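Report on the structure given below.
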């Protein structure tokens, strides 16, 4: 039996490099197609980031049962997990871990699946560290409540959460340091 490419170290190193680039350049869309060989971007990122020390929760039940043993992550709750897999078209119905003043790095990273990254009716302007001037980001399939809640979650900086948004093949990061202004598509 051949292992899917997303579970191989060389592919995970390439995906990790794309994650570093995404978080270094908020709002810049990164395409993982050439490395993930038919898998979804979210599965590839989970395969890359998870290990026996990571805590992961899946409140919207996106992760296949067969993937959990391969991920090796410990299951957590939305309030305590370092990583939360979620569906973007649903209203966020949980309070993620925010970290503490002593350890703000323990704020959660939300891995949110959307219909499209880089195009769509929801448009926002981004600025902050890693954004040269201003950058426009367009998304399809992200309920606007995610951005409203994100504003609350990052208001106590350095506490807060980081967002990683996915469609089938692309990713884009919104670290807690990025300022977001919705310009179109909010309900």
*Quick one: if the Förster radius is 35 Å, what FRET efficiency do residue 102 and residue 64 give, using the C-beta to C-beta distance and rounding to 0.05?*
0.45
*In a Debye calculation with equal point scatterers on the alpha-carbon sites of the chain and no solvent, what is log10 I(q)/I(0) at q = 0.09, 0.10, 0.14, 0.15 Å⁻¹?*
-0.29, -0.37, -0.74, -0.86
*If you count the DSSP beta bridges with both ends in region 5-184, what percent of them are antiparallel, to the nearest 5?*
60 percent
_Exposure proxy ranking, count of Cβ atoms within 10 Å, fewest first, for 89, 60_ = 89, 60
_Spin-label zone in region 4-31 - amide nitrogen under 15 Å from a point set 7 Å from the Cα of residue 37 along the C-beta vector_ = 4-15
*At 0.36 nm per residue, minus the direct Cα-Cα distance, what do residue 21 and residue 51 gain on full extension? Give it in nm, one decimal, please.*
8.7 nm
*For the peptides 21-31, 105-115, what is the packing order when you average, over each peptide's residues, the other Cβ atoms within 10 Å and list the highest mean first?*
105-115, 21-31
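Every number in this text was worked out from the coordinates using simple rules, so none of it is lab data. As the structure is a prediction and not an experimental result, all values here were calculated from the model. Cβ coordinates were reconstructed from backbone atoms using ideal geometry, including for glycine residues, and neighbour counts include every protein chain displayed.
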